[in-house]
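What follows is one structure encoded as C-alpha cells, with my remarks underneath.
Quick note: the coordinates plus some simple rules give every number you see, no bench work behind them. Everything numeric here is computed off the predicted structure, so don't read it as measured data. All Cβ positions, glycine included, derive from the backbone under ideal geometry; neighbour counts span all protein chains shown.
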Amino acid sequence: MTKSPEMVHRILGIMSGSSLDGLDVASCSFQLENHRWDHQIEAAETFSYDKDLARALSNLNEITAESFVNVDIQLGRFIGKAINRFIKAHNLKNIDYIASHGHTAFHNPSKGYSTQIGNGAIITATTRIPTITDFRSLDVALGGQGAPLVPIGDALLFPKYDYCLNLGGYSNISFDQQGKRIAFDICPVNKAINYLAHQAGKEMDKNGEMAAQGSVDGTLLDKLNKLDFYHAAPPKSLGDEWLNNHFLEVLKDASRLSLYDQLRTVYEHIAIQIQKASGQTTNGSILVTGGGALNRFLMDCIREKNTNRIVIPDNKLIEFKEALIFAFMGVLRSKGMTNCLASVTGASRDSSGGVIYEV
C-alpha cells in the first residue's frame, strides 16, 4: 500500500555567499512522498548589502573582538529586516522555520573552528519565526571539515545527476561513489576572478569578457596547478585564509602579466581542476549552479575540458540552489534527521547540525 505523503514544510533558506554579492532569501516547500523529497522554490530574492556592512564583512580578519561581535549583531539585524520585507512583499504565511547559513567569517577546521556570523537570536527576535543557524560547528567538533554542507541536499533532492557542481566564491562538487556521498571544495572561482577584476576597476568579469581577450600563461598555470591543496585527498575544504596565503600569493608573483592573461589563466586552471574532480565518469551529467554558471566564457572553458554533459538549469535554481538546500537542512534538523554527512566532511559520524532559536 502506498504511504500517504507527509505534511508540507515551508522554510525560508538564507545564504550569504563568500563573494559578498548579497543575501539570498528563498521561500521553499518540501514534502516527503514514497521515500522521495519533492521540493519547490516558491519565491526568491537577493538583498544587496549596504557599503558599510559589505566593507565590515570583507575585513573581519582585521578587526577587534568587540567589533567582530558588533558585525555579527549588525548582520543578524540586516537578515531579520530583509526577511520581514521579503515576507511582506510575497505575502507569505505559515513559515515553519528560517534556516540561515550566515556568513563565513573564519574557516580553519584543522584548528577546530568554522565560524559563521549573522546572529540567530536576533533573526528570531526580529521576525518572530523560529530560526536555525550554526550548521557547521557540531560537525567540526566531531572532527570534520564542517563543509561542504550542500551534499545532503544534492543526494536527496537531485539524485538523477551524476555530479552536482557549484560555482560560487569557491567551487565544490558532490557525487555518489560506491554507495557513499563524496564531496569537496575544488578551487577558487568568483573569489579569484573578482580579485583580478577589481584591479581593473570592475566588480566582476562579466561573461568572461576580459579573460576572453587574454592568453594562457603556462608558467602561472603550472604554479597554480601545483598548489598542495589540489593533490590532497578529500575530505577537504577551502577558506579565505588559504586563498590569501597561497592562491593569491601565486597571482601576485605573476603581476608582470597583463590582467587579461592572468584572468585567462585562472579560467583555464578552474576548468582543469573541475575536469579532474569530475573524472569518475566520461559520459555522465553535471548539474551546474551558482553565479559562475552565468559566466558564458567560463562555462565554455569548462565544457572544452570536460566530456560529461553540462546541465545548466533555470536561473532561479542557478542563483538560489544553496538557499534551497539550507532550507532543506533546516527541515532535516527540525525533524532530528541527518543533515551533515561524515563521508563528505571526515567527521567521526553523521550528525544533525544547527542551533534552534525558538520564538
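Some observations on this one:
- Counting only DSSP beta bridges whose two residues both lie in the chain, roughly 75 percent are antiparallel.
- Mean sequence separation of contacting Cα pairs (under 8 Å, at least six apart), scaled by the length of the chain, corresponds to a relative contact order of 21 percent.
- The protection proxy used here, the mean number of other Cβ atoms lying within 10 Å of each residue, ranks peptides 209-217, 54-62, 86-94, 285-293 as follows, highest first: 285-293, 209-217, 54-62, 86-94.
- The Cα center of segment 31-92 and the Cα center of segment 128-142 differ in position by 15 Å.
- For trypsin sites (Lys or Arg not before Pro), the sites in segment 188-232 that DSSP calls loop and that have at most 11 other Cβ atoms within 10 Å are K226.
- For segment 299-318 versus segment 180-253, the gap between their alpha-carbon centres in whole angstrom: 19 Å
- Normalised by the number of residues in segment 95-150, the average gap of Cα pairs under 8 Å and 6 or more apart makes the relative contact order 37 percent.
- Considering helices alone, the calculated mean residue ellipticity of the chain at 222 nm is -11000 deg cm²/dmol, with DSSP H runs of length four and up weighted by -39500 (n - 2.57) and normalised per residue.
- Once the C-beta distance of F68 and E249 is scaled by a Förster radius of 30 Å, the resulting FRET efficiency is 0.75 to the nearest 0.05.
- (i) 159; (ii) 133; (iii) 141, with the label sought being that of the calculated volume of the Cα convex hull per residue in Å³: (iii)
- Cα-based shape type of segment 63-152, given that a ≥ b ≥ c are square roots of the gyration tensor eigenvalues and the cut on a/c is 1.5: oblate
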